[in-house]
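To start, the structure under review is shown below, and the notes come after it.
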Amino acid sequence: MPETRTYQITVVGAGPAGAMAAWRAAAGGRRVCLLERKSRVGTPVRCGEGIGLKGMTASLDIDKRWILATVSKACFVSPAGLRVTLADIDESYVIDRTVFDADLVERARDAGAEYFPHTPVTGIARREDGRYRCVTPRGAFDAPCVILADGIESNLARDAGWDTSLKLEDLESCAFCHVTHPGIADDTVCFHVGSGQAPGGFAWVFPRGKGRANVGLGVLGTFCEPGKARRCLHRFVESRFPGASADDEHCGGVPVGRWTRPLVRGGIMLAGDAARQVNSLSGAGIGYGLYAGRLAGDVAARACSGEGCDQGALQQYQKEWASGLGIQQDRSYALKSMLLTKNNDAFFDRIARAFARSDPKRLNYKSIFLRTFARHPLMMLKVLRLFR
Amino acid sequence: MAAKVDSAACDACGTCVSVCPTRAIRCAPEVPVVDEGTCIACGRCVKVCPIAAIRMEETNRIS
C-alpha cells in the first residue's frame, strides 16, 4: 500500500512561484508539503534569467549570490539594425536560476515545509472528506488547500476543471543557449526585434558576466513552424556572434496571454506560469511568479486552520492579484497585441530612426513611448485607454 | 492521425502540452506522451515545438 500523508497545504511545483508559496505558507505556521517533478529544481534553465530590481524586491530581498551581472543599460536593435540605447534604466539583474531556485526551496524548508523532489503528481481529485488528494508514485498527499504552480504545462489545473490551453497568439515558442564572445558587454541587455530574427517576439542577449550571455528568442505561436525557434536562434547567434561557442541549449514555452480567471476554485489556487502570470510584452515571469506565490502562500496560511480551509477567504488571492500586478499584466497584454501580433518591421525601424541619434542618457521608456505615440494618434488613443 | 513525440529529440519543455486543446499530451513525467484516443490531430503541438520533436503520424486506430 502506498503511503498517504496529510498536510494543511500542498504546493505542486518548486519553481519560483511554488517555492515562494510554500515558504510563506510554512512561515505562516501551516503544515506544508512542496512536491517537485524533477530531482533537481532549476535544471535545466528554461529562462532568460533577467529580473528588474523592483520585480525582485516587491517579494524578497536580493541575495548577492544569485546575481551574475548587474545591468544599467538597455539596447534595442531594430529590424534594419538601427540601435537605440537607454543608458540609465532601472537597475536590473541577470540571475543564476539554478542557484536561485535551489535557494528558494531551502528557504521554504527552513520555514518548515517538507520538500519532495522527484515526485511527479499524476492526478488530483477531491475526496469525500473535502480534502484534495495529489497522487504520486511515492504515495498520496492529502490537504484541504492546494496551490498549483506546475509551470507552462499546467496539467493539474486542467484536471481540476480549468481550461488553461493557450491560443497560438498567446504563446512564445522559445530557444536559448549560453554564448561566450568578446562582443558581449557585461552591463547591457540587448533586445532585437524583427520578423527576420524572431517573428512576433524578440531575441535577447542577457549578460551572465565574464563575456558570457544568456542568448535566446521567442517566436509567437501564430508564426511558428516545427523547429522554427531553434533555427532562428542558430541563425541569430551565427550572425550576431560569429565564431562564438554556444552551449547549454534548451527550449521552452512562455505564456503571453491574459492571466487565468478565476485564480481560485474551491480549495485550489493557481500561481506562476501555470496561471499564465507573465508580462505579456516582455515575457518576464520570475517577478510575477514570486509575487503571485507570495500572495497565494500568505492567503492560504490565513485561510487554513486545524483540519479545514475557509475557501471563501482564498478569494482574497485573486482580489489582491487583480488590483496589483494583474493590472500591469493586462496593460502589457494590450501592448503586446498591438506591437507583436503582426509584422511591424517598418514601424520599429521608424521609431529606431527617430531615436538612434538621441543621447542615451536622456532616453527612457516613458520618453520613447510618449514621442512614438505622439506620431501615431490611433495608437495613442488605445494606450491612453489602458492607463486611464 | 495522431501526434507522435520523438523521445530522443524531445527536450521535455512542455510547450506542446500548453497548447493542446483536448489534454491529449502529458509530460509523463519527463518526455510527453500523446493519448491517441484523445488527440484530434489539430497539429498545434507540431507547429509550436521549438525543436521539431513532434510530427503527425498515421495510427492504426479505427475512426
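Here is the link list: A:LYS342/A:LYS366; A:LYS228/A:LYS382; A:LYS167/A:LYS228; A:LYS210/A:LYS342. Which ones come out longer than 27 Å on Cα distance?
Exceeds cut-off: A:LYS228/A:LYS382; A:LYS210/A:LYS342.
What do you get for the angle between helix A:311-323 and the principal long axis of chain A? Use alpha-carbon atoms, 0 to 90 degrees, nearest ten.
So the inclination is approximately 10 degrees.
Please list B:LYS4, A:LYS228 in order of solvent-accessible area, largest first, computed with a 1.4 Å probe with all protein chains present.
Result, largest first: B:LYS4, A:LYS228.
To the nearest 100 Å², how much accessible surface do chains A and B hide from each other in total, with a 1.4 Å probe?
Counting protein atoms only, the buried area is about 2300 Å².
Take each of the peptides A:205-212, A:336-343, A:59-66, average the number of other beta-carbon atoms within 10 Å over its residues, and list them starting from the highest.
Ranking the peptides A:205-212, A:336-343, A:59-66 by packing returns A:205-212, A:336-343, A:59-66.
List, by residue number, every residue in segment B:36-55 with a reduction of 20 Å² or greater in accessible area between the chain on its own and the complete protein assembly, 1.4 Å probe.
When all protein chains are present, B:ARG44, B:VAL46, B:LYS47, B:VAL48, B:PRO50, B:ILE51, B:ALA52 each give up 20 Å² or more of accessible surface.
Can you say what percent of the DSSP beta bridges in chain A, counting only those with both residues inside, are antiparallel? Round to 5.
Among the beta bridges of chain A, antiparallel pairing accounts for roughly 70 percent.
Treating only the Cβ atoms of Lys and Arg (+1) and Asp and Glu (-1) as charged, compute the dipole magnitude of segment B:2-57 about its Cα centre; round to the nearest 20 debye.
I would put it at about 200 debye.
Using only atoms on other chains, find how many Cβ atoms lie within 10 Å of each Cβ of peptide A:170-182 and report the average.
Across the residues of A:170-182, the mean count of other-chain Cβ atoms within 10 Å is 2.
Whole number in Å², please: accessible area per residue of segment B:2-57, 1.4 Å probe, ligands, DNA and RNA not counted.
Computed with neighbouring chains in place, this is 40 Å² per residue.
When the distances between all Cα atoms of the protein assembly as shown are binned every 20 Å from zero, what whole-number percent does each bin get?
26, 57, 17, 0
Whole Å is fine, so just give me how far the alpha carbon centre of segment A:94-123 lies from that of segment A:162-176.
25 Å
Relative to the longest principal axis of chain A, what angle (0 to 90°, nearest 10) does the C-alpha long axis of helix A:365-375 take?
Rounded to the nearest ten degrees, it is 60.
Using Cα positions and a limit of under 14 Å, work out the aspartates and glutamates in reach of A:LYS319, with same-chain residues fewer than 8 apart set aside.
A:LYS319 reaches A:ASP298.
Taking a probe of 1.4 angstrom, what is the accessible area of A:PHE241 in Å², to the nearest 10?
Here the accessible area works out near 0 Å².
Quick one: accessible area per residue over chain A, 1.4 Å probe, rounded to a whole number of Å²?
Roughly 42 Å² per residue, with all protein chains present.
Quick one: accessible surface of A:HIS118, probe radius 1.4 Å, all protein chains present, in square angstrom to the nearest 10.
Around 120 Å² of this residue is reachable by solvent.
Using a 10 Å cut-off around each Cβ of peptide A:34-44, what is the average number of partner chain Cβ atoms that fall inside?
Partner-chain Cβ atoms within 10 Å, mean over residues of A:34-44: 1.
Partner chain Cβ atoms within 10 Å, averaged over the residues of B:23-32 - can you pull that number for me?
4
At a Cα cut-off below 13 Å, give the aspartates and glutamates reachable from A:LYS336, other chains included and same-chain residues fewer than 8 away excluded.
Those aspartates and glutamates meeting the cut-off are A:GLU169, A:ASP170, A:GLU172.
How many percent of the accessible area of the protein assembly as shown is carbon or sulfur, using a 1.4 Å probe?
In the protein assembly as shown, the share of accessible area belonging to carbon and sulfur is 51 percent.
Compute the acute angle (0 to 90°) between the alpha-carbon long axis of helix A:286-303 and the principal axis of greatest extent of the alpha-carbon atoms of chain A; round to the nearest 10°.
It works out to around 20 degrees.
Under 1.5 on a/c is rounded, so check that first for segment B:2-57, then, if it is not, pick prolate when a/b is larger than b/c and oblate when it is not; a ≥ b ≥ c are the square roots of the alpha carbon gyration tensor eigenvalues.
Here segment B:2-57 falls in the rounded category.
The values are calculated or read from the model by the stated rules, or taken from the named source; none is laboratory data. Because the structure is predicted, anything quoted here is derived from the model rather than measured. Cβ coordinates were reconstructed from backbone atoms using ideal geometry, including for glycine residues, and neighbour counts include every protein chain displayed. Note: areas computed on protein heavy atoms with side chains; ligands, DNA, RNA excluded. Shrake-Rupley method; radii C 1.70, N 1.55, O 1.52, S 1.80 Å.
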